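Okay, structure first, notes after.
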C-alpha cells in the first residue's frame, strides 16, 4: 500500500515534456532565444497553442534551488488562460528536435537583457 501511494505521488509530480514540435508564436520563439542566451537558463515551458511561456533561470551570482520545470509550467499556465503547458527547453536547449525553432535561433540572436 505504501508503494502504491509513493508511485501515485511521483506520477502527480512528473513534469510533462513536449513530444512533438509546437507551433510557437513569433514572440514565444524570441522569448526562447532570449531565455537560451542566459548563462544559467533552467526551464522553458510553452502552452500547447504556442502563445504563452514560463521560464526559470538562476541569477548569475546566486544559487538556484527548487523544481525549476514544474515552476516554469506553473508560470506558463498562469499566463495561458487555461491552455496546458509543456516543457520545451532545459538548461538553455530545446528538449526535442524542432526544425522551425532551430532555424529561428540561427537567424535571431537572443538578448538576455530582455529577460526580467
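Within the range 99-112, the residues that satisfy the criterion of being farther than 12 Å from residue 41 by Cβ and outside any helix (DSSP H, G or I) are 108, 109, 111.
For the structure I just gave you, tell me whether residue 96 is part of a loop (DSSP other than H, G, I, E, B) and surrounded by 11 or more Cβ atoms within 10 Å (Cβ to Cβ). Spelling it out, residue 96 is indeed part of a loop (DSSP other than H, G, I, E, B) and surrounded by 11 or more Cβ atoms within 10 Å (Cβ to Cβ).
Take residue 14 and decide whether it is modelled with pLDDT of 85 or more and surrounded by fewer than 18 Cβ atoms within 10 Å (Cβ to Cβ). For residue 14, the condition - modelled with pLDDT of 85 or more and surrounded by fewer than 18 Cβ atoms within 10 Å (Cβ to Cβ) - is not met.
Here residue 7 meets each of (1) over 14 Å from the mean Cα position of the chain (by Cα); (2) modelled with pLDDT under 95; (3) not in a helix (DSSP H, G or I) with one exception, condition (3).
So in the range 66-93, with the set limited to residues that are within 16 Å of the chain's Cα centre (by Cα) and assigned to a loop (DSSP other than H, G, I, E, B), which one is surrounded by the fewest Cβ atoms within 10 Å (Cβ to Cβ)?
66
If you go through the range 45-65 and pick out every residue that is in a loop (DSSP other than H, G, I, E, B), under 20 Å from residue 22 (Cα atoms) and in contact with a strand residue (DSSP E or B) (Cβ under 8 Å, 6 or more places away or on another chain), you end up with 2. Within the range 45-68, the residues that satisfy the criterion of being in contact with a helix residue (DSSP H, G or I) (Cβ under 7 Å, 6 or more places away or on another chain) and farther than 12 Å from residue 90 by Cβ are 46, 47, 50, 51, 52, 53, 54. The sole residue among 20, 42 that is assigned to a loop (DSSP other than H, G, I, E, B) and either modelled with pLDDT of 95 or more or in contact with a helix residue (DSSP H, G or I) (Cβ under 7 Å, 6 or more places away or on another chain) (or both) is 20. Within the range 76-99, the set of residues being on the phi > 0 side of the Ramachandran plot and in contact with a strand residue (DSSP E or B) (Cβ under 6 Å, 6 or more places away or on another chain) comprises 92 only.
Of the residues making up the range 37-54, those that are in contact (Cβ under 8 Å) with a residue 40 or more places away in the chain and surrounded by 23 or more Cβ atoms within 10 Å (Cβ to Cβ) number 5.
The values are calculated or read from the model by the stated rules, or taken from the named source; none is laboratory data. Small disclaimer: the values here were computed from a predicted structure and weren't measured. A quick note on method: Cβ atoms are made from the backbone with ideal geometry, for glycine too, and the neighbour counts reach across all protein chains shown.
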